[in-house]
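Just so you know, all these numbers are worked out from the coordinates, no wet-lab data involved. Owing to the predicted nature of the structure, the values given are computational and were not obtained by experimental measurement. All Cβ positions, glycine included, derive from the backbone under ideal geometry; neighbour counts span all protein chains shown.
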Amino acid sequence: MPFPASGLLHPGMLLAVVLLVLNDHVFKARWPSWWTGKLSDVAGLAMFPVLLQALWEKAFQRRQRDFRPSFAVLVGAVVLTGLCFAATKISHDAGNAWRWALGGLQWPFFALRALLSGARIPAVRPTVHTVDITDLLTLPSLCLALWMGRRRARAALEQGARIPAHEDASRPL
């Protein structure tokens, strides 16, 4: 039975995360080319809506027994991810906003590393980002998140339907 944020534990999501990390920290350094950039986009677009759904589920979770994943929340996360991704790929202003936002999210980790090593705490720095309209070709990978999320929601609905009536009646309103 699904529980809040369990969508992130799907093997496809775990594979997307591993692929994203390997690509950004190994493949791009060893074999820099157009395909390593596209590979990050595919993995990120497949994983990010499910991450947003998981954050939503954790923020608004109820008792685990009453939990049912919302496909509508996932659809909203997919639309939001697609729109923001497209904006950063066609607009320099949106791309710069993304660079600074991601740099701000990474800063605490750089600051902690500097603090633990006795070095000076660094300033927030923007990440590297390329505005590239051809990256929009990777948008169909959002369908992976939809496919996995739909299967998860359907399985939860089917399992919930199998709860005997006497157990369901015992739930407090």
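The table for this structure:
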item: Boolean, Thr127 is surrounded by 12 or more Cβ atoms within 10 Å (Cβ to Cβ) and part of a loop (DSSP other than H, G, I, E, B); result: yes
item: Qualifying residues in the range 45-103 (those that are crowded, with 17+ Cβ neighbours inside 10 Å and among the β-branched types (Val, Ile, Thr)) - the one nearest to Val21 (Cα to Cα); result: Val50
item: Residue tally, condition in a loop (DSSP other than H, G, I, E, B) and over 20 Å from Ala46 (Cα atoms), over the range 132-157; result: 0
item: Residue identified as part of a helix (DSSP H, G or I) and farther than 22 Å from Leu14 by Cβ among Gly76, Gly44; result: Gly76
